[in-house]
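Structure record follows, encoded as structure tokens.
The values are calculated or read from the model by the stated rules, or taken from the named source; none is laboratory data. Predicted model, so just to flag it, every value in this text is computed and none were measured. In this analysis, Cβ positions are derived from the backbone assuming ideal geometry, glycine residues included, and neighbour counts consider all displayed protein chains. Side chains are part of the model used for accessible areas, which takes the heavy atoms of the whole protein and leaves out ligands, DNA and RNA. Shrake-Rupley method; radii C 1.70, N 1.55, O 1.52, S 1.80 Å.
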Amino acid sequence: GQQLNQSPQSMFIQEGEDVSMNCTSSSIFNTWLWYKQDPGEGPVLLIALYKAGELTSNGRLTAQFGITRKDSFLNISASIPSDVGIYFCAGGVSGNTPLVFGKGTRLSVIA
Amino acid sequence: DAGVIQSPRHEVTEMGQEVTLRCKPISGHDYLFWYRQTMMRGLELLIYFNNNVPIDDSGMPEDRFSAKMPNASFSTLKIQPSEPRDSAVYFCASNQGGGRNGNTIYFGEGSWLTVV
């Protein structure tokens, strides 16, 4: 089946640093989504991308839908302690088929 | 509007016991998903329903796992008998399906299961 390769698996960064993570696939997706999971909670949607090449921001977060439709990245600028958590990418083909999830990037922020 | 509601939030049970996890999807959503999350395997899709009908249960690990959706506002995931390797977080999620936003699914807070 389809798989997403998400990297890095984990990151330890200093507060204030910028963060970058990405997802790649051998398959084409029509939607890319980024979720964040806080410790002890369920994943929450951060950004949704619907068009190849699309660049979307949500506060300090910026995500892009790769032009080939096979990748996406998420950047976090000026990290703060509450950015700690697991970030998941997810790719969608159509509205009637389940998302494919990456294995997540575990982010730790050192104050 | 209330989000996806799951119960129990935490359960500790002995090996061999039956476990029932419950989910109430967001009102109006016609797709419901059950996921399992572990450190080793990440988020795994177990089964999903459309309009209360199971569409794909190929992710259900064994016959010990079963899921039902008797109506649009309720679903259960049952493990019988439970084993220690079933210890994981089980998430329920829902979405409206179809259209541009159809892929955006909304997760519950999860049921944290420990089988000892």
**OP:** Using a 1.4 angstrom probe on heavy atoms only, work out the carbon and sulfur share of the accessible area of chain B in %.
**Re:** 49 percent
Subject >> Kirkwood hydrodynamic radius over Cα pairs of the protein assembly as shown, then Stokes diffusion coefficient at 20 °C and 1.002 mPa s, in µm²/s >> reply: 119 µm²/s
**OP:** Rank B:M15, B:M60, B:M69 by mean-square fluctuation in a GNM of chain B with C-alpha springs under 10 angstrom and give only the top-ranked residue.
**Re:** B:M15
Original post:
With +1 on each Lys and Arg Cβ and -1 on each Asp and Glu Cβ, how big is the dipole of the protein assembly as shown about its Cα centre, in debye rounded to the nearest 20?
Top reply: 400 debye
**OP:** Would you please give the FRET efficiency between A:F12 and A:L45, computed as 1/(1 + (r/R0)^6) with r the Cβ-Cβ distance and R0 = 30 Å, to the nearest 0.05?
**Re:** 0.75
Subject >> Å² of accessible area per residue within the range B:7-92, as computed with a 1.4 Å probe and no ligands counted >> reply: 50 Å²
Subject >> Per-residue ³J(HN,Hα) for the range B:30-43, Karplus 6.51 cos²θ - 1.76 cosθ + 1.60, θ = phi - 60°, Hz, x for Gly and Pro >> reply: 10, 10, 9, 10, 10, 10, 10, 10, 10, 5, 6, 10, x, 8
**OP:** Could you check which residue among B:R36, B:R85, B:R22 shows the biggest mean-square fluctuation in a GNM of chain B with a 10 Å Cα cutoff?
**Re:** B:R85
**OP:** Please give the residues from the range A:65-102 for which the solvent-accessible area of heavy atoms, probe 1.4 Å, is smaller by at least 40 Å² with all protein chains in place than with the chain isolated.
**Re:** A:G95, A:N96, A:P98, A:L99, A:F101
Original post:
Given the Cα-Cα distance of B:I55 and B:Q96 and 0.36 nm per residue of separation, how much length would full extension add, in nm?
Top reply: 13.3 nm
**OP:** Whole Å is fine, so just give me how far the alpha carbon centre of the range B:31-87 lies from that of the range A:7-43.
**Re:** 25 Å
Original post:
In µm²/s, what is D for the range B:14-93 at 37 °C and 0.692 mPa s, where D = kT/(6 pi eta Rh) by Stokes-Einstein and Rh is the Kirkwood radius from Cα pairs?
Top reply: 256 µm²/s
Original post:
So which trypsin sites (Lys or Arg not before Pro) in the range A:3-111 are both in a DSSP loop and have at most 13 other Cβ atoms within 10 Å of their Cβ?
Top reply: A:K51
Subject >> Accessible area buried between chains B and A, both sides summed, probe 1.4 Å, in Å² to nearest 100 >> reply: 1900 Å²
Subject >> Top of A:I76, A:I13, A:I67 by mean-square fluctuation, Gaussian network on chain A, Cα under 10 Å >> reply: A:I67
Subject >> Computed accessible area, B:H10, all protein chains, 1.4 angstrom probe, square angstrom >> reply: 130 Å²
**OP:** Report the dimensions of the range A:1-105 along its three principal axes from the alpha-carbon atoms, largest first, rounded to Å.
**Re:** 37, 28, 20
**OP:** Pop a pseudo-label 7 angstrom from the Cα along the beta-carbon direction at both B:F74 and A:Q2 and give the gap in nm to one decimal.
**Re:** 3.4 nm
Original post:
Heavy-atom accessible area per residue, the range A:1-58, 1.4 Å probe: how many Å²?
Top reply: 52 Å²
